[in-house]
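Heads up, the thing below is written out as structure tokens.
The values are calculated or read from the model by the stated rules, or taken from the named source; none is laboratory data. No experiment lies behind these values; they were computed from the predicted model shown. Here the Cβ is made from the backbone with ideal geometry for all residues, glycine too, and neighbour counts use every protein chain on show. The area values use the complete protein model at the heavy-atom level, side chains included, leaving out ligands, DNA and RNA. Shrake-Rupley method; radii C 1.70, N 1.55, O 1.52, S 1.80 Å.
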Amino acid sequence: MTGPIRIGIIGGGIAGVAAAIALVKHSHVDVQVYEGASQFTERGAGVGLSPLALKALKDIIPLATDLLRTRAGAGSGPQAGALISDLGVSAGLTMNRASLLQTLLSLLPRDILHAGKRVTSLEQTESEVRVAFEDGTVTQFDAVIGADGIFSSVRNHVIGDEAQKHAASPAGWWDIRHLVPFEKARAALGDESFKVDRQYAWLGDGAAMLHGIVENRTMVQCIIAVVDNNCSADRKRPVTRQLLMDALPASWDEGPVARGMVELILDQDDPKGYAEWEHKSTPMYANNRVCIIGDAAHATTPWQGAGAGLAIEDAFILGHLAGSISSTVEINAAFRAFDAVRRPRCQEVIDAGRETGRLFCGQDEYAGLNPEKLNKALGRTFAHVGDLALALHKEEALGACVRC
Ligand code: FAD
């Protein structure tokens, strides 16, 4: 080998930055991260990291939990709330997405982070990948990792002619979120919902409402999600009181938190609802020297709060695969191994996420809004996210890399 393996990461969200941290520790790898926006930033909503996501992150960054807890305060993973069902308090972490990204960025050398570099096209030869940027520059890499989000252009390159068939599509819900000061949320929703530091999910007919404490008990993330039977193609819509009330079935009026949640959610400048989209299928995560990770590979609905966790698992596996190869000729095998272990895992979580949404909104024909049935079914869907033996997953990837 003549020099380090040159890897370009496209996209500086949680997936791209976590992967960069996992790769940069290998001295035989040169990593550069390119973010299309003028800065590395995240929308200011909350993000939940499950115990499994934290475990994967700890493998990448041994001090991760301490580092994040000082930014996030105690939190909890996804649980269903008092109305219907309770999956228990987990030892996860809920924090602001922007804080998570900034904490991760602080662990990377500044000179590998390039903002304002939007990728416009990729071209592969046998020995390298040429990446063209909007500013007219072109850079060559030995390998490229696409972490450019749900509408990824790297994904189109990887999948090729079939990309449109496997593009992200509406999952059947839209949601509106707001981060609210703790005391304001407590006044609106009542003391009962704040006795335990946890996320509450209120399940019901055609909608679900969630609230959880973040940012050292200073803020509360509030979410209202409603069924979108039309699966309209608009990603973003302005939300008025009338639109929200029309979307919420009348049965919600009698619930203990619905009115308070509606007031909290609407008390923001320019309220917007976001349609939940997902990848229903993906034929490959890798094409020779290019692979995709994070939402570019496996965008999922937010019902299980799993998207960021999956991105961190991707980084964990990529980091170990990169550590196991020493030359550019092994890149294809490493990416094929990544595809072999990550694709089934992530599709299972995407499918479980959709099922969870149906359960949360009373759309499952068998469970309906029956608490006992819901508890059982939700236990099953959440198990898909949490029950991954990380060490075994890693061994499978390393084994596949040798065989590929
Ligand atoms: P993104 O965050 O979309 O980042 C992609 C980056 O690529 C962006 O910065 C973009 O500017 C850049 N980019 C795009 N195109 C180009 C280009 N051509 N050239 C260069 N750069 C480009 N997950 C959880 O686990 N738990 C939660 O509680 C949770 N809550 C969420 C709440 C909200 C409101 C949202 C939107 C998502 C939530 N998720 C949650 C999902 C999770 O945040 C994502 O799955 C995770 O952040 C992975 O994102 P990513 O880095 O793959 O993509």
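With every protein chain present, what is the per residue accessible area of segment 265-309 (1.4 Å probe, Å²)?
28
When each pair of different Cα atoms in segment 268-404 is counted once in the 1/r mean, what is the Kirkwood radius in angstroms, to one decimal?
When all Cα pairs of segment 268-404 are included, the Kirkwood radius is 16.4 Å.
Using a 7 Å offset from the Cα along the Cα-to-Cβ direction at both T218 and K376, what is the distance between the two label points in nm, to one decimal?
Placing both labels 7 Å along Cα→Cβ, they lie 4.6 nm apart.
Taking amide hydrogens as modeled 1.01 Å from N in the peptide plane, which residues meet the under 5 Å criterion relative to E278, leaving out close sequence neighbours?
Residues meeting the amide H criterion: S169, A171.
Using a Förster distance of 25 Å, how high is the FRET efficiency between R118 and K272, based on the Cβ-Cβ distance and rounded to 0.05?
After rounding, the FRET efficiency stands at 0.60.
Which of the chymotrypsin sites (Phe, Trp or Tyr not before Pro) across segment 336-381 are loop residues per DSSP, with 16 or fewer other Cβ within 10 Å?
Hits after loop and neighbour filter: Y366.
Suppose we look only past 42 Å in the calculated P(r) of the chain. What percent of the Cα-Cα pairs does that tail hold?
Roughly 12 percent, once rounded to a whole number.
For a test of the definition: using alpha carbon positions, the gyration tensor, and the 1.5 limit on a/c, classify segment 219-347 as rounded, prolate or oblate.
Cα axes put segment 219-347 in the prolate bin.
Just to confirm the number: angle between the C-alpha axis of helix 51-60 and the first principal axis of the chain, 0 to 90 degrees, nearest 10?
Compared with the principal axis, the helix lies near 30 degrees.
In segment 303-371, what GluC sites (Glu not before Pro) fall in a loop by DSSP, with at most 14 other Cβ atoms inside 10 Å?
E365
Helix 307-324 versus the longest principal axis of the chain: what angle, 0 to 90°, nearest 10, using Cα atoms?
That works out to roughly 20 degrees.
I need the peptides 126-136, 252-262 ranked by packing, meaning the mean over residues of other C-beta atoms within 10 angstrom, with the highest value on top.
Order by mean packing, descending: 252-262, 126-136.
Taking K and R as +1 and D and E as -1, what net charge do the other residues with C-beta under 14 Å from the C-beta of K165 add up to?
0
Note down the Stokes-Einstein diffusion coefficient of segment 1-68 in µm²/s, whole number, using a Kirkwood radius over alpha carbon pairs, 10 °C, and 1.306 mPa s.
Stokes-Einstein gives a translational diffusion coefficient of 117 µm²/s.
What number, in percent, do you get for the relative contact order of segment 140-274 if the mean sequence gap of Cα pairs under 8 Å and at least 6 apart is divided by its residue count?
Computed value for segment 140-274: 27 percent relative contact order.
Kirkwood hydrodynamic radius of segment 87-228 from all distinct Cα pairs, in Å?
Answer for segment 87-228: a Kirkwood hydrodynamic radius of 19.3 Å.
Once the Cα gyration tensor of segment 265-324 is diagonalised, what are the square roots of 5 times its eigenvalues, in whole Å and ordered largest first, as equivalent ellipsoid semi-axes?
They are 31, 14, 10 Å, listed from largest to smallest.
If the reach is capped at under 28 angstrom between alpha carbons, list the lysines near K58, excluding any in the same chain fewer than eight residues apart.
Counting by Cα, and skipping residues close in sequence, K58 has these lysines nearby: K25, K394.
Which Cα, out of G149, H26, L392, lies furthest along the positive dipole direction of the chain (beta carbon charges, K/R +1, D/E -1)?
About the Cα centre, the residue reaching furthest to the positive side is H26.
Run the numbers on the chain and let me know its relative contact order in percent, using alpha-carbon pairs under 8 Å that are six or more apart.
Normalised by residue count, the contact order of the chain is 21 percent.
Report the residues of segment 366-404 in range of a label on H28: point 7 Å along Cα→C-beta, backbone N strictly under 16 Å from it.
The answer is 398-399, 401-403.
Using DSSP, restrict attention to beta bridges with both residues in the chain and report what percent are antiparallel, rounded to the nearest 5.
75
Taking the Cα atoms only, what angle lies between the long axis of helix 390-403 and the longest principal axis of the chain, rounded to 10 degrees?
30
Taking a cut-off of 29 Å between Cα atoms, list the lysines near K236, but don't count ones fewer than 8 places away on the same chain.
Hits, sequence-local ones excluded: K117, K165, K184, K272, K280.
Using a 1.4 Å probe and ignoring any ligands, DNA or RNA, find the accessible area of V29 and quote it in Å² to the nearest 10.
My reading of the accessible area for V29 is about 20 Å².
Using a 10 Å cut-off on Cβ atoms, rank the peptides 380-392, 194-206 from the highest mean neighbour count down.
194-206, 380-392
Can you check how the C-alpha radius of gyration of segment 102-158 compares to 2.2 N^0.38 Å, as a plain ratio?
Rounded to two decimals, the normalised Rg is 1.24.
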